[in-house]
Each structure stands twice: as C-alpha cells, then as structure tokens.
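The values are calculated or read from the model by the stated rules, or taken from the named source; none is laboratory data. All of these numbers come straight from a predicted model, not from anything done at the bench. Neighbour counts run over all protein chains shown; Cβ positions are idealised from the backbone, glycine included. What goes into the accessible areas is simple: the full protein's heavy atoms, side chains included, and nothing from ligands, DNA or RNA. Shrake-Rupley method; radii C 1.70, N 1.55, O 1.52, S 1.80 Å.
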Amino acid sequence: MGNSRSRRGTAGAHLRVAPEPPQPAPPPTPNYTEVAVRTPAVAGQLGTLRALAETVCLIADFGIDTAVDLRIAVDEVASALVRAAVPGTEIDCRFHCDDYSMGVHIHGVIDALSGFETDGVGWHMLRSLTDGVHVTTEPFDRALSGFPIAVRFSRTRGQLADQAPGPWTTRGEAGRS
C-alpha cells in the first residue's frame, strides 16, 4: 500500500487517500528595503543625509569602505543640489537596497540648469565610486519656480570589502553577496 492511507467510508468500503504532494518552495526573492527622507534643501541638512547613507549601508551589511564611498557620493549630489536649489524647496532622498546592490535616488528643484555642474572633480569622483550616475531634468515648472531634477546612482555588491564579516554581521551571514 506504500504511502497511501486507508480510511473506512460510510458504507464500509475502504477509500484510498493519496499522499499530499510536496509543496513547492516559494521562488527566491531578494531582501528589499527602501528608506526615504525629505529635508529642506539647505546646507545644514547635509549631515543628516550623509549619516543616513552610511547607516543604511552598514545595516544592509555592506562593507565599511562601501558605506563611506556611498556617503561621499550622497554628499556630492546633495551638496550640488543645495547650491543650485530654489529657496524653500526640499531634497527627497531614497535608498533602495537588496541582496545585490544599493540604489540611491535624490530629487530636488534647481533655479537654473546651468547652476548644476556635473563636470567637476567631485562628479568625476562620484562616477568612480558608483556603478553609474544618471541625471534627469524636467522642463521649468512654474508651480515650483524651477527645474525638477533627479540624480540616480547605484553600487553593486561583490567587492571584497562587502564580503568580509563586519561587526553587524551575524554568524552564518559572512560572505553573503
């Protein structure tokens, strides 16, 4: 009779109940986290954005070197946005993290497209610290009195620093990439 079970029916006949098939495992999905902050576009808030960038990286078990690199990248973009910002506007900063990478999206409103420089030493450094930088501008928005702008960049896991266990890594997670 193997793995089937037998049960007596109401008329005294034996009913065979087939074993339940094994349930398929759910498809693997990466751990995904999004953290966002909106702050006035003023120099006094840059420290908050830098600290948040580093904290998100460390909590997500990126290596300390990567966390510092992304903190510098966030600072470069946010500083450029603050310098060119329409007074009274805000910077929206979002961090997207999964098992494979950290993505950063920073949005603001600038008063002139010519005021947002992307060819200086800081932007060269930004490009070398990240997998790539993408800047999107929109036409002048009268309601905002400026040009909406978005800067996106990312950093992929997989460098040696991200694979080494750190103080926030629990046993069994070392080498996760």
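Using the 1.4 Å probe convention, the accessible area of segment 33-127 works out to 44 Å² per residue with neighbouring protein chains retained. Leaving ligands, DNA and RNA out of it, work out the accessible area of Ser154 with a 1.4 Å probe and give it in Å² to the nearest 10. Probe radius 1.4 Å; accessible area of Ser154 about 40 Å².
Pop out the carbon and sulfur fraction of the accessible area of segment 32-134 as a percent, whole number, probe 1.4 Å. On segment 32-134, the fraction of accessible area on carbon and sulfur atoms equals 54 percent. Qualifying trypsin sites (Lys or Arg not before Pro) in segment 79-149, where qualification requires a DSSP coil assignment and no more than 12 other C-beta atoms within 10 Å, comprise Arg142.
Only Cα sites of segment 100-157 enter the Debye sum here, all with the same form factor; the resulting log10 I(q)/I(0) across q = 0.15 1/Å is -0.50, listed in q order.
Against the compact-protein benchmark of 2.2 N^0.38 Å, the Cα-based radius of gyration of segment 60-139 scales to 1.14. Sorted largest first by accessible area at a 1.4 angstrom probe radius, with every protein chain in place, the residues Val121, Val82 fall in the order Val121, Val82.
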